[in-house]
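Here's the structure we're looking at; comments come further down.
The values are calculated or read from the model by the stated rules, or taken from the named source; none is laboratory data. Keep in mind it's a predicted model, so treat the numbers as computed, not measured. In this analysis, Cβ positions are derived from the backbone assuming ideal geometry, glycine residues included, and neighbour counts consider all displayed protein chains.
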(Lines give C-alpha, C1' and ligand atoms only; values in the text may rest on other atoms or scores of the structure.)
Protein backbone atom coordinates (compact mmCIF):
# COMPACT_ATOMS: atom_id res chain seq x y z
CA UNK A 1 0.00 0.00 0.00
CA UNK A 2 1.38 3.41 -0.90
CA UNK A 3 1.95 6.21 1.54
CA UNK A 4 -0.79 8.83 1.93
CA UNK A 5 -0.17 11.94 -0.14
CA UNK A 6 -1.41 14.54 2.36
CA UNK A 7 -2.60 17.90 1.09
CA UNK A 8 -0.20 20.79 1.44
CA UNK A 9 -1.44 23.79 3.42
CA UNK A 10 -2.18 25.63 0.13
CA UNK A 11 -4.02 22.59 -1.26
CA UNK A 12 -6.01 22.19 1.96
CA UNK A 13 -6.98 25.86 1.91
CA UNK A 14 -7.97 25.64 -1.77
CA UNK A 15 -10.01 22.48 -1.18
CA UNK A 16 -11.92 24.03 1.70
CA UNK A 17 -12.52 27.27 -0.22
CA UNK A 18 -13.78 25.27 -3.21
CA UNK A 19 -16.16 23.20 -1.07
CA UNK A 20 -17.52 26.29 0.69
CA UNK A 21 -18.00 28.21 -2.57
CA UNK A 22 -19.63 25.20 -4.24
CA UNK A 23 -22.10 24.71 -1.40
CA UNK A 24 -22.95 28.41 -1.14
CA UNK A 25 -23.44 28.67 -4.91
CA UNK A 26 -25.75 25.66 -5.09
CA UNK A 27 -27.68 26.85 -2.03
CA UNK A 28 -28.18 30.31 -3.59
CA UNK A 29 -29.38 28.91 -6.91
CA UNK A 30 -31.67 26.38 -5.24
CA UNK A 31 -33.16 28.99 -2.89
CA UNK A 32 -33.95 31.32 -5.79
CA UNK A 33 -35.66 28.58 -7.80
CA UNK A 34 -37.70 27.40 -4.82
CA UNK A 35 -38.73 30.94 -3.90
CA UNK A 36 -39.54 32.23 -7.39
CA UNK A 37 -40.59 29.10 -9.27
CA UNK A 38 -41.59 26.60 -6.60
CA UNK A 39 -39.09 23.98 -7.73
CA UNK A 40 -35.76 22.75 -6.43
CA UNK A 41 -32.70 23.02 -8.63
CA UNK A 42 -32.77 19.24 -9.17
CA UNK A 43 -36.16 19.52 -10.90
CA UNK A 44 -34.98 22.47 -12.97
CA UNK A 45 -32.01 20.40 -14.16
CA UNK A 46 -34.32 17.57 -15.23
CA UNK A 47 -36.49 19.98 -17.21
CA UNK A 48 -33.40 21.55 -18.84
CA UNK A 49 -32.00 18.17 -19.85
CA UNK A 50 -35.30 17.14 -21.40
CA UNK A 51 -35.73 20.49 -23.17
CA UNK A 52 -32.31 20.10 -24.81
CA UNK A 53 -33.17 16.82 -26.55
CA UNK A 54 -35.06 16.01 -29.73
CA UNK A 55 -38.73 15.44 -28.95
CA UNK A 56 -37.98 16.68 -25.40
CA UNK A 57 -37.58 13.04 -24.30
CA UNK A 58 -34.84 10.87 -22.80
CA UNK A 59 -34.61 7.31 -21.57
CA UNK A 60 -34.85 7.34 -17.80
CA UNK A 61 -31.52 5.49 -17.48
CA UNK A 62 -29.74 8.01 -19.73
CA UNK A 63 -31.27 10.90 -17.80
CA UNK A 64 -30.19 9.38 -14.47
CA UNK A 65 -26.64 8.86 -15.76
CA UNK A 66 -26.45 12.41 -17.11
CA UNK A 67 -27.66 13.87 -13.83
CA UNK A 68 -25.46 11.49 -11.82
CA UNK A 69 -28.34 10.26 -9.67
CA UNK A 70 -29.67 6.79 -8.93
CA UNK A 71 -32.56 5.36 -10.89
CA UNK A 72 -34.74 5.36 -7.76
CA UNK A 73 -33.95 8.99 -6.96
CA UNK A 74 -34.76 10.03 -10.53
CA UNK A 75 -37.97 7.99 -10.48
CA UNK A 76 -39.08 9.81 -7.33
CA UNK A 77 -38.34 13.21 -8.90
CA UNK A 78 -40.14 12.27 -12.12
CA UNK A 79 -43.17 11.21 -10.06
CA UNK A 80 -43.27 14.69 -8.47
CA UNK A 81 -42.91 16.33 -11.89
CA UNK A 82 -45.70 14.11 -13.25
CA UNK A 83 -47.96 15.32 -10.43
CA UNK A 84 -47.36 18.88 -11.62
CA UNK A 85 -48.06 17.89 -15.22
CA UNK A 86 -44.57 18.91 -16.30
CA UNK A 87 -43.30 15.46 -17.32
CA UNK A 88 -44.89 12.21 -18.40
CA UNK A 89 -43.49 8.72 -18.71
CA UNK A 90 -43.81 6.71 -21.88
CA UNK A 91 -42.69 3.22 -22.80
CA UNK A 92 -39.51 3.19 -24.84
CA UNK A 93 -40.40 2.19 -28.41
CA UNK A 94 -37.04 0.46 -29.00
CA UNK A 95 -36.76 -1.39 -25.68
CA UNK A 96 -39.85 -2.57 -23.85
CA UNK A 97 -37.92 -2.67 -20.56
CA UNK A 98 -37.09 1.03 -20.74
CA UNK A 99 -39.12 4.15 -20.12
CA UNK A 100 -38.83 7.66 -21.46
CA UNK A 101 -39.25 10.85 -19.50
CA UNK A 102 -41.01 13.37 -21.74
CA UNK A 103 -41.22 17.10 -21.09
CA UNK A 104 -44.81 18.29 -21.55
CA UNK A 105 -45.83 21.66 -22.96
CA UNK A 106 -46.73 22.68 -19.39
CA UNK A 107 -43.28 21.63 -18.20
CA UNK A 108 -41.62 23.57 -20.99
CA UNK A 109 -43.67 26.64 -20.02
CA UNK A 110 -42.65 26.22 -16.36
CA UNK A 111 -39.01 25.99 -17.43
CA UNK A 112 -39.32 29.07 -19.66
CA UNK A 113 -40.90 30.99 -16.79
CA UNK A 114 -38.18 29.92 -14.34
CA UNK A 115 -35.21 30.49 -16.65
CA UNK A 116 -34.85 34.31 -16.40
CA UNK A 117 -34.72 34.28 -12.60
CA UNK A 118 -32.40 31.28 -12.60
CA UNK A 119 -29.99 32.92 -15.04
CA UNK A 120 -29.99 36.09 -12.95
CA UNK A 121 -29.29 34.04 -9.81
CA UNK A 122 -26.37 32.27 -11.50
CA UNK A 123 -25.04 35.57 -12.81
CA UNK A 124 -25.35 37.23 -9.40
CA UNK A 125 -23.90 34.32 -7.44
CA UNK A 126 -21.05 33.44 -9.79
CA UNK A 127 -20.25 35.59 -12.79
CA UNK A 128 -20.71 39.02 -11.20
CA UNK A 129 -17.91 38.15 -8.75
CA UNK A 130 -15.43 37.33 -11.55
CA UNK A 131 -13.71 39.34 -14.24
CA UNK A 132 -13.63 37.97 -17.83
CA UNK A 133 -10.21 36.38 -17.38
CA UNK A 134 -11.37 34.60 -14.20
CA UNK A 135 -14.44 33.33 -16.07
CA UNK A 136 -12.17 31.85 -18.76
CA UNK A 137 -9.94 30.27 -16.09
CA UNK A 138 -12.93 28.87 -14.23
CA UNK A 139 -14.22 27.34 -17.46
CA UNK A 140 -10.85 25.85 -18.32
CA UNK A 141 -10.25 24.48 -14.82
CA UNK A 142 -13.78 23.05 -14.63
CA UNK A 143 -13.39 21.32 -18.01
CA UNK A 144 -9.98 19.94 -17.02
CA UNK A 145 -11.44 18.51 -13.81
CA UNK A 146 -14.48 17.06 -15.60
CA UNK A 147 -12.28 15.40 -18.24
CA UNK A 148 -9.90 14.03 -15.58
CA UNK A 149 -12.70 12.62 -13.44
CA UNK A 150 -14.55 11.13 -16.43
CA UNK A 151 -11.33 9.45 -17.56
CA UNK A 152 -10.74 8.02 -14.07
CA UNK A 153 -14.33 6.79 -13.95
CA UNK A 154 -13.95 5.02 -17.32
CA UNK A 155 -10.73 3.35 -16.16
CA UNK A 156 -12.14 2.14 -12.85
CA UNK A 157 -15.57 1.29 -14.25
Problem set entry | residue 66, sole failed condition from (1) more than 13 Å from the chain's Cα centre (by Cα); (2) without any contact (Cβ under 8 Å) to a residue 24 or more places away in the chain; (3) closer than 25 Å to residue 138 by Cα | (1)
For this session: Answer yes or no as to whether residue 98 is modelled with pLDDT under 95 and in contact with a helix residue (DSSP H, G or I) (Cβ under 7 Å, 6 or more places away or on another chain).
Result: yes
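Residue by residue, here is whether (1) surrounded by fewer than 15 Cβ atoms within 10 Å (Cβ to Cβ); (2) more than 18 Å from the chain's Cα centre (by Cα); (3) not in a helix (DSSP H, G or I) holds:
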{"residue": "75", "(1), (2), (3)": "no, no, no"}
{"residue": "90", "(1), (2), (3)": "yes, yes, yes"}
{"residue": "95", "(1), (2), (3)": "yes, yes, yes"}
{"residue": "134", "(1), (2), (3)": "yes, yes, no"}
Exercise. Among the residues of region 98-121, is there at least one that is surrounded by fewer than 16 Cβ atoms within 10 Å (Cβ to Cβ), in a loop (DSSP other than H, G, I, E, B) and in contact with a strand residue (DSSP E or B) (Cβ under 9 Å, 6 or more places away or on another chain)?
Worked result: yes
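Suppose we filter region 77-88 for residues that are part of a helix (DSSP H, G or I) and surrounded by fewer than 15 Cβ atoms within 10 Å (Cβ to Cβ); how many remain?
3
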For this session: Among the residues of region 97-126, write down those that are within 17 Å of the chain's Cα centre (by Cα) and farther than 18 Å from residue 38 by Cα.
Result: 101, 123, 125, 126
Exercise. Which of the residues that make up region 121-156 are farther than 18 Å from residue 21 by Cβ and in contact with a helix residue (DSSP H, G or I) (Cβ under 8 Å, 6 or more places away or on another chain)?
Worked result: none
For this session: Among the residues of region 52-73, write down those that are touching a strand residue (DSSP E or B) at 6+ places or on another chain (Cβ under 6 Å) and either part of a helix (DSSP H, G or I) or exposed (fewer than 15 other Cβ atoms within 10 Å of the Cβ) (or both).
Result: 56, 60, 63
Exercise. Would you pick out the residues in region 1-48 that are without any contact (Cβ under 8 Å) to a residue 12 or more places away in the chain and outside any helix (DSSP H, G or I)?
Worked result: 1, 2, 3, 4, 5, 6, 7, 8, 38, 40
